[in-house]
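The values are calculated or read from the model by the stated rules, or taken from the named source; none is laboratory data. Everything numeric here is computed off the predicted structure, so don't read it as measured data. Note: ideal-geometry Cβ built from the backbone for every residue, glycine included; neighbour counts use all protein chains shown. Surface accessibility is based on the protein's heavy atoms, side chains included, excluding ligands, DNA and RNA. Shrake-Rupley method; radii C 1.70, N 1.55, O 1.52, S 1.80 Å.
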Amino acid sequence: IEGGFGRHALGVARGMHELWAARDWDGILAMISPAIRMDDRRRLMHLEIGYDAFVAQFRMVFDQPGSRWRAQLLATRGERLALARVLDRGHPEVGRDGPGPFEIEFLQILEVDALGRIERSIVFDPSDLDAAYAELDQGSCDRWGEQPHGGARTDSRERDYHEGAHQRPGEGEAIRGA
């Protein structure tokens, strides 16, 4: 993505992917704010957690042999908010104990702080795209006073296209393929 639009949030997502692929746990920890809050709104989850629980959960997935993820950027708001469709996969090596192969798809809003660390993560079921966009827009309004189209509520997916923010709806940029 050219220019500063979504620069911080997208950069963090790309950096996190590179660190994950390099299996650099210390680098990943450096990208997570000590003030992080995760709000998991998926049907079977419904939980809010802070730094310690977030890191423990993240580490559990990271430690799965062959774990990797890919994300498709759907939208950004300002420089610090991004919405992506994420697919986590793990393929344990033959002969290793573990839960077996897994695949988890979800929508995720990432918010980064002024230092470029993940400060907030909001997770939705893949089918909750409208709720994710509504939260993305609300977060933008709450934090920076931005109002879509001068205060009128519109479908943000159409706004992303019409305002040149990204691609047409459904044509999101792959943050990094795995």
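Summarising the amide proton neighbourhood of Arg120: residues at separation of 5 or more, or on other chains, whose placed amide H is nearer than 5 Å comprise Arg37, Glu111.
Between Ser67 and His91, the built amide H atoms are under 5 Å apart, and every one of these is 5 or more places off in sequence or on another chain.
All other residues whose Cβ lies under 12 angstrom from that of Met38 are scored, Lys and Arg at +1 and Asp and Glu at -1, for a net of -2.
Taking all protein chains as shown and a probe of 1.4 angstrom, Ile122 keeps an accessible surface of around 10 Å². Is the C-alpha gyration tensor of segment 3-81 telling us rounded, prolate or oblate? Criteria: a/c under 1.5 is rounded; beyond that, a/b larger than b/c is prolate, otherwise oblate. Taking the square roots of the gyration eigenvalues as a ≥ b ≥ c, segment 3-81 is oblate. Note on Phe62 and Arg37: their simple-model spin labels are 2.3 nm apart, each label 7 Å out from Cα toward Cβ. Taking label positions 7 Å along the Cα-Cβ direction at both Leu115 and Ala134, the computed distance is 3.5 nm, reported to one decimal. Computed 3J(HN,Hα) for segment 114-130, one whole-Hz value per residue from the Karplus formula 6.51 cos²θ - 1.76 cosθ + 1.60 where θ = phi - 60°, is 5, 8, x, 10, 5, 10, 8, 10, 10, 10, 10, 4, x, 7, 9, 4, 4, glycine and proline marked x. Across segment 35-49, coupling constants 3J(HN,Hα) worked out from phi with the 6.51/-1.76/1.60 Karplus curve, θ = phi - 60°, read 8, 4, 10, 10, 10, 9, 9, 5, 3, 8, 10, 6, 9, 10, 9 Hz, and Gly and Pro carry x. The chymotrypsin sites (Phe, Trp or Tyr not before Pro) found in segment 10-79 include none that occupy coil by DSSP while having at most 15 further C-beta atoms within 10 Å. Accessible area of His91 (1.4 Å probe, protein heavy atoms only, ligands and nucleic acids ignored): about 90 Å².
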